[in-house]
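Participant: Got a structure for you, questions after.
The values are calculated or read from the model by the stated rules, or taken from the named source; none is laboratory data. Remember, it's a predicted structure, so these values are computed and weren't measured experimentally. Positions of Cβ are backbone-derived with ideal geometry, glycine not excepted, and every protein chain shown enters the neighbour counts. Just so you know, the surface numbers come from the protein's heavy atoms only, side chains and all, with ligands and any DNA or RNA stripped out. Shrake-Rupley method; radii C 1.70, N 1.55, O 1.52, S 1.80 Å.
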Amino acid sequence: MSLVQKSEADLTSPSGARPPVVDCDVHPILESSAQLLPYLDEYWHDQLVAARTPTYEPNYHPRNSAIAQRPETRTDGNGRAATTVENLVADVFEDGFTDFAILNCLYGTQQIHQPRREQAHVRALNTWIANEWLAKDSRLRASIVVPLGTPEAAAAEIDFWANDDRFVQVLLVGQSELLYGRQINWPIWEAAERAGLPVAIHIGGVFRQAPTSVGWPATHLEWYAGQTSNLEAQISSIVCEGVLQKFPGTKVVVSEVGFNWLPAYMWKFDKLWKSYRPDTPWLDRAPSELIREHFRFTTSPSDGAEIPGQLDKTVDRMGSDRLLVYSSDYPHNHASGPRDIEAGTNDPALLDRIYRQNAAELYNLVVAENRIEGN
């Protein structure tokens with residue numbers, strides 16, 4: 001069996017091809033800034049050595065917390081999962097269920113506040129991903145990390161990697177300096193549309209200001225629980241600012257914030273839009289319709305959708321079975337397993353949509369049996 005990337009027209013080809021199971025949120029971990037030294041030019045290499053900065057790894061999931069990694073994962077000598085391609089591949093593909101895994105590297109280059117340093121480290125990070133991960137297993141794909149401090153530089157980074165088919169989307173973090181719908185960020189949307197790539201917005205932040213609208217939280221629990229409100233704000237901004245009208249090819253993947261909150265949010269968004277339509281005359285239809293067309297949401301954490309019947313209810317209230325794409329959020333350890341959502345429905349067609357069809361359509365991927373093509 002070989003894995004190939006095909007055009008959307010080929011997704012329905014009957015000749016030995018099927019939609020793959022795509023794990024849309026897997027996290028490789030870069031432990032030390034020293035790992036980037038081979039990929040930095042002489043100037044930034046020397047700057048990093050002189051700064052003695054051991055790591056820009058963000059503390060989104062404190063290392064010894066229960067959520068940081070599953071107990072059954074393969075680990076390196078420091079007891080950490082997902083730091084080597086061998087361990088990650090063995091864990092993610094071990095049971096033969098998953099065909100592709102999309103790597104979302106959360107190393108905190110976005111938190112480097114010197115624009116040129118951020119741009120240099122982003123390029124080094126993407127090159128590290130390409131050379132140390134993607135080159136070593138054909139089942140791996142990745143997101144393009146971009147320098148969020150300078151939207152024009154982010155667009156240039158997208159353009160740089162756009163012709164590398166192993167990079168299948170663009171990665172943004174949920175808490176930004178300015179909302180992503182604001183016109184200053186439009187170069188990112190323009191470049192992503194030009195490249196034909198979805199944009200993933202994942203929990204995380206640039207931390208140029210407090211990560212909540214009312215200040216700094218005192219605990220990790222507050223921070224993590226508050227991420228849903230940040231992503232709601234980003235969705236509202238993208239819809240209300242007219243990004244989807246200006247760049248109609250836009251696709252957005254909202255990652256690692258669950259999805260059970262979505263029906264209530266869409267209902268309220270529609271209700272208020274009816275009252276405030278003069279604010280956004282360019283919106284030619286209800287926000288919920290635009291969300292159904294342009295947005296997708298990863299399934300982990302499932303946050304209760306694994307309760308019998310709950311997945312069916314949530315999808316029914318969403319008004320579409322196209323909105324969800326499968327993710328394991330490896331190596332993170334949520335209260336329910338990534339495939340526990342199966343208990344939330346008795347509909348095999350829905351599970352096929354979530355596991356295969358939706359992501360295959362989003363990323364234009366198929367699995368070809370007994371042949372070698374494409375990449």
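Participant: With every protein chain present, what is the per residue accessible area of the chain (1.4 Å probe, Å²)?
Facilitator: Here the residues of the chain average 42 Å² of exposed surface.
Participant: Which cross-chain or sequence-distant (5 or more) residues have an amide H under 5 Å from the amide H of V367, H modelled 1.01 Å from N in plane?
Facilitator: Here the answer is R18, since their amide H atoms fall under 5 Å of that of V367.
Participant: Can you tell which of F100, A349, V206 lies farthest toward the positive end of the dipole of the chain, using +1 and -1 charges on the Cβ of basic and acidic side chains (Lys, Arg; Asp, Glu)?
Facilitator: Towards the positive end, the residue furthest out is V206.
Participant: Okay, moving on. Mind running the shape call on the chain? Use the C-alpha gyration tensor, a ≥ b ≥ c as the square roots of the eigenvalues: rounded below 1.5 for a/c, prolate if a/b tops b/c, oblate otherwise.
Facilitator: Verdict is rounded for the chain.
Participant: Next up: Name the GluC sites (Glu not before Pro) in region 72-102 that are in a loop by DSSP and that have at most 12 other C-beta atoms within 10 Å, would you?
Facilitator: E72, E94
Participant: Using a 1.4 Å probe on the protein heavy atoms, what percent of the accessible area of the chain belongs to carbon and sulfur?
Facilitator: 50
Participant: Can you find, among F160, A34, L172, the residue farthest towards the positive end of the dipole of the chain? Put +1 on the C-beta of Lys and Arg, -1 on that of Asp and Glu.
Facilitator: Positive-most Cα among the choices belongs to L172.
Participant: Sticking with this structure for a sec: Quick one: if the Förster radius is 41 Å, what FRET efficiency do N64 and Q183 give, using the C-beta to C-beta distance and rounding to 0.05?
Facilitator: Approximately 0.45, to the nearest 0.05.
Participant: ³J(HN,Hα) across region 236-246 via Karplus (A = 6.51, B = -1.76, C = 1.60, θ = phi - 60°), whole Hz, x for Gly/Pro?
Facilitator: Values per residue, Gly and Pro as x: 4, 5, 4, 5, 6, 7, x, 4, 6, 7, 6 Hz.
Participant: Roughly how much of V252 is accessible, in Å² to the nearest 10, using a 1.4 Å probe?
Facilitator: Counting only protein heavy atoms, V252 exposes about 0 Å² to solvent.
Participant: Along the charge dipole of the chain, Cβ charges K/R +1 and D/E -1, which of L324, G181, T280 sits furthest on the positive end?
Facilitator: Selected residue: T280.
Participant: For region 166-223, state which chymotrypsin sites (Phe, Trp or Tyr not before Pro) are in a DSSP loop and have at most 16 other beta carbons lying within 10 Å of their beta carbon.
Facilitator: Qualifying residues, ordered by number: F207.
Participant: So if I place +1 on the C-beta of Lys and Arg and -1 on the C-beta of Asp and Glu, and nothing else carries charge, what would the dipole magnitude of the chain be about its Cα centre? I want it in debye, nearest 20.
Facilitator: Taking the Cα centre of the chain as origin, the dipole is about 680 debye.
Participant: Now, a different point. Could you check which residue among G249, G174, G108 shows the biggest mean-square fluctuation in a GNM of the chain with a 10 Å Cα cutoff?
Facilitator: Greatest mean-square fluctuation among the candidates belongs to G249.
Participant: If you put +1 on each Lys and Arg Cβ and -1 on each Asp and Glu Cβ, how big is the dipole of region 275-375 around its Cα centre, in Debye rounded to 20?
Facilitator: Dipole size: approximately 180 debye.
Participant: Then there is this: Keeping all protein chains in the complex and leaving out DNA, RNA and ligands, what accessible area do you get for I158 with a 1.4 Å probe, in Å² to the nearest 10?
Facilitator: The value for I158 is about 0 Å².
Participant: From the phi of every residue in region 18-25, what ³J(HN,Hα) in whole Hz does the Karplus formula 6.51 cos²θ - 1.76 cosθ + 1.60 yield, where θ is phi - 60° and glycine or proline is x?
Facilitator: Here the 3J(HN,Hα) series is 9, x, x, 7, 10, 8, 8, 8 Hz.
Participant: Hey, what does the equivalent ellipsoid look like for region 60-139, semi-axes from the Cα gyration tensor as sqrt of 5 times each eigenvalue, largest first, whole Å?
Facilitator: Over the Cα atoms of region 60-139, the ellipsoid semi-axes are 25, 18, 10 Å.
Participant: Shifting gears a bit: So for the chain, averaging the separation of alpha carbon pairs under 8 Å that are six or more residues apart and normalising by length, what relative contact order in percent results?
Facilitator: Averaging sequence separation for qualifying contacts and normalising by length gives 25 percent for the chain.
Participant: Next question, about the same structure. Explain nothing, just compute: Karplus ³J(HN,Hα) = 6.51 cos²θ - 1.76 cosθ + 1.60, θ = phi - 60°, for every residue of region 165-175 in order, whole Hz, x for Gly and Pro.
Facilitator: Once rounded to whole Hz, the list reads 5, 6, 9, 10, 7, 10, 10, 10, 9, x, 9.
Participant: Would you mind telling me which residue in Y276, Y224, Y107 has the biggest mean-square fluctuation in a Gaussian network model of the chain, where springs connect alpha carbons within a distance under 10 angstrom?
Facilitator: The residue with the greatest mean-square fluctuation here is Y276.
Participant: What is the magnitude of the charge dipole of region 180-267 about its Cα centre, with +1 placed on the Cβ of each Lys and Arg, -1 on the Cβ of each Asp and Glu, and no other charges, expressed in debye to the nearest 20?
Facilitator: 200
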